[in-house]
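Inspection log for the structure reproduced underneath, given as structure tokens.
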Amino acid sequence: MTLVSFWFAVIAVVWTGFFILEGFDFGVGLLHAAAGRDEAGKRAAINTIGPLWDGNEVWLIVAGAAMFAAFPGWYATMFSGFYLALVLLLGALMARGISFEYRGKRDSAAWRNTWSGLMITGSVLVPVLTGVALGDLLHGLPIDASHEYTGSFWTLLQPYGIFTGVTLLVICVTHGATFLALKTTGPVRDRAVAIARRSAPVTALAVLAFALWTHAIAGKGLLINPVEIIAVLAVLAASWLVYAGLEGWAFAATTLAMATVVLSIFSELYPRVMVSSTSPANNLTIHNVASGSYSLKVMTVVVVIFLPVVLAYTAWTYYVFRRRLSDKDFVRPQSTAPQQQAHQQAH
Amino acid sequence: MTLDLARWQFALTSINHFFFVPVTIGLAFLTAILQTAWHRSAKPEYLRLTRFFGTLLVINVAVGVVTGLVQEFEFGMNWSNYSRLVGDIFGAPLAMEGLVAFFLESTFLGLWIFGWDRLSRRVHLLAIWMVALGTVLSAAFIMAANSWMQHPVGYVISKATGKPQLNDIWAVLTNPVFLWGYLHVLLASLVTASGVMLAVSAWQLRRAGGFTRQAGDEVPQAAQDERTAIFGFSLRLSLVVLVPAIILTLFVGSELGVIEARYQPMKIAAAEAQWTTCQPCSFSLFQIGGGNNDHTPTQIIQIPHLLSLLATNSWNGKVIGLTPLQRQYVKKYGPGDYVPNVFIQYWAMRVMAYIATLVFLLGIWGLWLMRRKTIARARWFLFAATWAVILPFAMNTAGWLLTESGRQPWIVQGLQLTRQGVSPSVTFSDVVISMVAFGLLYTALGVLDAVLMIRYSRKEIAPVPAAAGTDEHGGTRVPSMLY
């Protein structure tokens, strides 16, 4: 494997990591009101991802920075081309990130409801927008010979891209619901299971359609990409496991489904990174947008050393916070619940 | 127009981002110190302070993280030609920052906030130190990247592409502009965060001392004394950090000036509005007029030899003026105007240095009161210390203006002009829309952050959690700070 191919793989893996990890916290973010219902339940839901979401979001930052470092031409064309979509994405990421931190910082229903609303909006928009972006890479966009994007904001919204966004959103819903079912007890868990049972078949249909459409877009004839087959099998397995009540396995299946859906885009893309609908000669490929080999070698050393370290302490964090949460832990008035003391003031 | 707007956008978003960054860097360190004090002494007041200032840290980090996200995206969005040209070198430290620093900072902050009752006390203490380490590492990588724009090193121009390519990562990581600039930023961060801690403690002491009491606000004397004792400690801690930090900031900053004078002579000449070459060179405290079209401003109160000292470290050092430098640059890079905005340079330098001096004097005043043991009742000092919280932020902003505006018209010194770096495919209306969107978002974030910071700074400090009990390690069981 050449150095540039290796870095394409690293970027595909980082995007996949982002969608697997942040995927369930998008799901929890957008489901926290539905699954939590009352304030105690909502807080229980949010706190399942409390210690995790910020680290999960770093995967997105690393994905962007790795594209910048390894394939500057890709980063430059994509980020300037997707300009207004990225403004929207940044707004959604900001609203979502702040909502976790600030929601509980004032004891007022209006305050909390506002942040809950922003949390849900942000958690819906981010996977949809990033999904549209990934879909666009494969579908192709008007790109000229000097690798400049020549379309407008509306050109980005072609059907395949939108459907990719929708597919990722519904996977996030199911993935988040199976995560919540795994991480809570009591009524929150019951509602999460009920949501997963309703969303899993829808997700299965969406992934099936996505796999067929992706195969058609890639235009490789009868040669079926095994990653897409695994995606379809994983999502069917998830539906069955959700109904069978095997929470751990169901979450594993939604994880695999998420991973293979993202990887199917990257595997069809390779060795291109952005398809030009203007002319195949204008395609951005790993060869015409890559950094020099010295730079890639330096970063390879860094990635080989630090990615395992990151994975190790991330795994340890998940182990530390393995306990299921119950809405009973979050019942007000605060004086009866020891966990609340942190926020309680002496007045 | 698109160029100007893109520049304004980068300036405003990065200045805004840097309100939160130094507080995060410094406060993570100070919180770690407080928690270490608790760990060693088991005194409950240290635990209470750890949680009090830790809450302020968390409020602040949230905004720092999301505004940092914008920074990372902006290079590609508004400056795609720049990204395309220098991604090979500039991208590497950015990617390392994410992988090495951001993961560490975010993951361990989660562990710290939610892990009070899940981790042993020792591991939990390690978590806050890891957060502090993450912030310091992240600053290292981004400063290495920024310093490369000031003084590009460790690259060759590729024969195949005509673009700069990294060929020596150690040169990038040992760039003298980076080493001194990084130290300067770390020290300024300590100044900022200890300034925040000082202001909060001072406000609390004024409250406890009854200086700001409102009618009907009766609190038992014992509670007042307790508050005085607790915040008296954080006040002293902040002063003990602040004074050495500001002294070192000044010294390191002056050394950085010497290095910049070597690699970016325009920056330093413009900071003194020095159009003609001088030897020895004096430093003016103020000037009337000045700017790029007024080469003979009225200089007020000249201090002989000071500019020579600041720019060259020698009593009689020579500083080449802007006019001869401009002639040299035209010869080297072709026709064009290579003089940065002299008005901004001159005043940014002075605002930064004068504010630093004010902070230093305030610190000395505080130390003197500490020695006399009257600081908790020193009405005027506490008042001044509360309001002085804005000083470090103004100082930092002026410092960044000096550095970044002084690099103009270059985006990368000697390699690419700022106007060549802008995105060709981005239209004027795109930038207007993003400017309005970011303007609204940042205003909302700024107001929210300020409101919450003030609100939580003014809260009475929470007692050691009552239902605590003992954990399996024999220590106090401290509940987590849940959402």
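The set of residues in segment A:177-203 that are in contact with a Ser or Thr (Cβ under 7 Å, 6 or more places away or on another chain) and surrounded by fewer than 23 Cβ atoms within 10 Å (Cβ to Cβ) comprises A:Thr185, A:Gly186, A:Pro201. Within segment A:12-53, the set of residues being outside any helix (DSSP H, G or I) and either crowded, with 24+ Cβ neighbours inside 10 Å or within 11 Å of another protein chain (Cβ to nearest Cβ) (or both) comprises A:Gly50, A:Pro51, A:Leu52. Condition check for A:Ser116 on (1) over 25 Å from B:Glu74 (Cα atoms); (2) of a type in the set (S, T, N, Q); (3) touching a strand residue (DSSP E or B) at 6+ places or on another chain (Cβ under 8 Å): one failure, at (3). Please give the number of the condition B:Glu105 fails out of (1) buried (at least 24 other Cβ atoms within 10 Å of the Cβ); (2) closer than 27 Å to B:Arg7 by Cβ; (3) more than 7 Å from chain A (Cβ to nearest Cβ); (4) among the acidic types (Asp, Glu). Only one criterion is unmet by B:Glu105, namely (2).
Let's see how each residue does on (1) of a type in the set (D, E, K, R); (2) under 30 Å from A:Ser293 (Cα atoms):
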| position | (1), (2) |
| --- | --- |
| A:Phe18 | no, yes |
| A:Leu30 | no, no |
| A:Ala45 | no, no |
| A:Tyr75 | no, yes |
| A:Met78 | no, yes |
| A:Leu88 | no, no |
| A:Arg106 | yes, no |
| A:Trp111 | no, no |
| A:Thr130 | no, yes |
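Among the residues making up segment A:332-342, none is surrounded by fewer than 16 Cβ atoms within 10 Å (Cβ to Cβ) and either at the interface with another protein chain (Cβ under 8 Å from one of its Cβ atoms) or at pLDDT 95 or above (or both). When you check A:Val273 against the structure, is it away from chain B (no Cβ under 14 Å) and either touching an Asp or Glu at 6+ places or on another chain (Cβ under 8 Å) or touching a residue at least 24 places away in the same chain (Cβ under 8 Å) (or both), yes or no? No.
Output the residues belonging to segment A:308-330 that are part of a loop (DSSP other than H, G, I, E, B) and more than 9 Å from chain B (Cβ to nearest Cβ). Let's see the steps before the verdict.
Taking segment A:308-330 first, the residues part of a loop (DSSP other than H, G, I, E, B) are A:321-324.
Passing the criteria: A:Arg322, A:Arg324.
Test of understanding: among A:Val58, A:Val87, A:Val62, which residue is over 17 Å from the mean Cα position of the chain (by Cα), β-branched (Val, Ile, Thr) and within 7 Å of chain B (Cβ to nearest Cβ)? Even if it seems obvious, please write down each step before you answer.
Working: A:Val58 fails: over 17 Å from the mean Cα position of the chain (by Cα); A:Val62 fails: over 17 Å from the mean Cα position of the chain (by Cα).
On inspection, the qualifying residue turns out to be A:Val87.
Evaluate segment B:33-53: report whether one residue or more is modelled with pLDDT of 90 or more and at the interface with chain A (Cβ under 8 Å from one of its Cβ atoms). Checked segment B:33-53: at least one residue is modelled with pLDDT of 90 or more and at the interface with chain A (Cβ under 8 Å from one of its Cβ atoms).
Yes or no: segment B:1-22 includes at least one residue that is in a helix (DSSP H, G or I), over 30 Å from B:Ile390 (Cβ atoms) and in contact (Cβ under 8 Å) with a residue 40 or more places away in the chain. Step through it out loud before you land on a result.
Narrowing segment B:1-22 to residues in a helix (DSSP H, G or I): B:2-22.
If we keep only those that are over 30 Å from B:Ile390 (Cβ atoms) as well, we get B:2-3.
Next, only the ones that are in contact (Cβ under 8 Å) with a residue 40 or more places away in the chain stay: B:2-3.
The answer is yes, given that some residue of segment B:1-22 is in a helix (DSSP H, G or I), over 30 Å from B:Ile390 (Cβ atoms) and in contact (Cβ under 8 Å) with a residue 40 or more places away in the chain.
Candidates B:Val66, B:Val61: the one that is touching a residue at least 24 places away in the same chain (Cβ under 8 Å), under 23 Å from A:Thr48 (Cβ atoms) and within 7 Å of chain A (Cβ to nearest Cβ) is B:Val66.
Let's see how each residue does on (1) under 23 Å from A:Ile265 (Cα atoms); (2) in contact with a Gly (Cβ under 9 Å, 6 or more places away or on another chain); (3) of a type outside the set (A, V, I, L, M, F, W, C):
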| site | (1), (2), (3) |
| --- | --- |
| A:Asn113 | no, no, yes |
| A:Gly135 | yes, yes, yes |
| A:Glu148 | yes, yes, yes |
| A:Trp154 | yes, no, no |
| A:Phe163 | yes, yes, no |
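The set of residues in segment B:446-457 that are more than 7 Å from chain A (Cβ to nearest Cβ) and surrounded by 15 or more Cβ atoms within 10 Å (Cβ to Cβ) comprises B:Gly446, B:Asp449, B:Met453, B:Tyr456, B:Ser457. A single entry from A:Leu118, A:Leu157 fulfils the requirement of being surrounded by fewer than 18 Cβ atoms within 10 Å (Cβ to Cβ) and not polar (S, T, N, Q): A:Leu157.
Per-residue answers, yes or no, for (1) farther than 20 Å from B:Phe20 by Cβ; (2) assigned to a helix (DSSP H, G or I); (3) without any contact (Cβ under 8 Å) to a residue 40 or more places away in the chain:
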residue: B:Gly162; (1), (2), (3): yes, no, yes
residue: B:Ala171; (1), (2), (3): yes, yes, yes
residue: B:Phe178; (1), (2), (3): yes, yes, yes
residue: B:Leu186; (1), (2), (3): no, yes, no
residue: B:Thr192; (1), (2), (3): no, yes, no
residue: B:Thr228; (1), (2), (3): yes, yes, no
residue: B:Leu239; (1), (2), (3): yes, yes, no
residue: B:Leu248; (1), (2), (3): yes, yes, no
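Filtered by the rule that a residue be without any contact (Cβ under 8 Å) to a residue 40 or more places away in the chain and basic (Lys, Arg), segment B:339-366 gives no residues.
Every residue, every condition in (1) closer than 25 Å to B:Ile454 by Cα; (2) surrounded by 18 or more Cβ atoms within 10 Å (Cβ to Cβ); (3) in contact (Cβ under 8 Å) with a residue 12 or more places away in the chain, yes or no:
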position: B:Trp368; (1), (2), (3): no, no, no
position: B:Arg371; (1), (2), (3): no, no, no
position: B:Thr374; (1), (2), (3): no, no, no
position: B:Ile390; (1), (2), (3): yes, no, no
position: B:Leu402; (1), (2), (3): no, yes, yes
position: B:Arg407; (1), (2), (3): no, yes, yes
position: B:Val412; (1), (2), (3): no, yes, yes
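Comparison of A:Ile61, A:Ile98 shows that the only residue that is in contact with a Gly (Cβ under 6 Å, 6 or more places away or on another chain), part of a helix (DSSP H, G or I), closer than 25 Å to A:Phe321 by Cα and without any contact (Cβ under 8 Å) to a residue 40 or more places away in the chain is A:Ile61.
When segment A:294-331 is filtered for residues that are over 24 Å from the mean Cα position of the chain (by Cα) and either among the charged types (D, E, K, R) or exposed (fewer than 13 other Cβ atoms within 10 Å of the Cβ) (or both), the ones remaining, listed by number, are A:Lys297, A:Val301, A:Ile305, A:Asp327, A:Lys328, A:Asp329. For segment B:161-175, does any single residue satisfy the condition of being crowded, with 21+ Cβ neighbours inside 10 Å and either among the acidic types (Asp, Glu) or farther than 24 Å from A:Gly73 by Cα (or both)? So far as segment B:161-175 goes, yes, one or more of its residues are crowded, with 21+ Cβ neighbours inside 10 Å and either among the acidic types (Asp, Glu) or farther than 24 Å from A:Gly73 by Cα (or both).
Hey, can you tell me all the residues within segment B:209-225 that are at pLDDT 70 or above and farther than 14 Å from B:Leu382 by Cβ? Before you say what the answer is, go through the steps one by one.
Here is the first cut: in segment B:209-225, the ones at pLDDT 70 or above are B:209-211, B:220-225.
Passing the criteria: B:Pro220, B:Gln221, B:Ala222, B:Ala223, B:Gln224, B:Asp225.
Exactly one residue among A:Gly104, A:Gly140 is within 11 Å of chain B (Cβ to nearest Cβ) and either in contact with a Phe, Trp or Tyr (Cβ under 6 Å, 6 or more places away or on another chain) or not polar (S, T, N, Q) (or both), and that residue is A:Gly104.
Evaluation of B:Val258 against the conditions (1) closer than 29 Å to B:Thr36 by Cα; (2) surrounded by fewer than 22 Cβ atoms within 10 Å (Cβ to Cβ) shows that the sole unmet condition is (1). Segment B:264-358 holds helices (runs of 4 or more DSSP H) entirely within its bounds, and those carrying 3 or more residues that are exposed (fewer than 15 other Cβ atoms within 10 Å of the Cβ) map to B:322-333. The set of residues in segment B:421-441 being more than 9 Å from every other protein chain (Cβ to nearest Cβ) and either among the acidic types (Asp, Glu) or touching a helix residue (DSSP H, G or I) at 6+ places or on another chain (Cβ under 6 Å) (or both) consists of B:Gly421, B:Val422, B:Phe428, B:Met435.
The values are calculated or read from the model by the stated rules, or taken from the named source; none is laboratory data. Remember, it's a predicted structure, so these values are computed and weren't measured experimentally. Backbone-built Cβ (ideal geometry, glycine too); neighbour counts: all protein chains shown.
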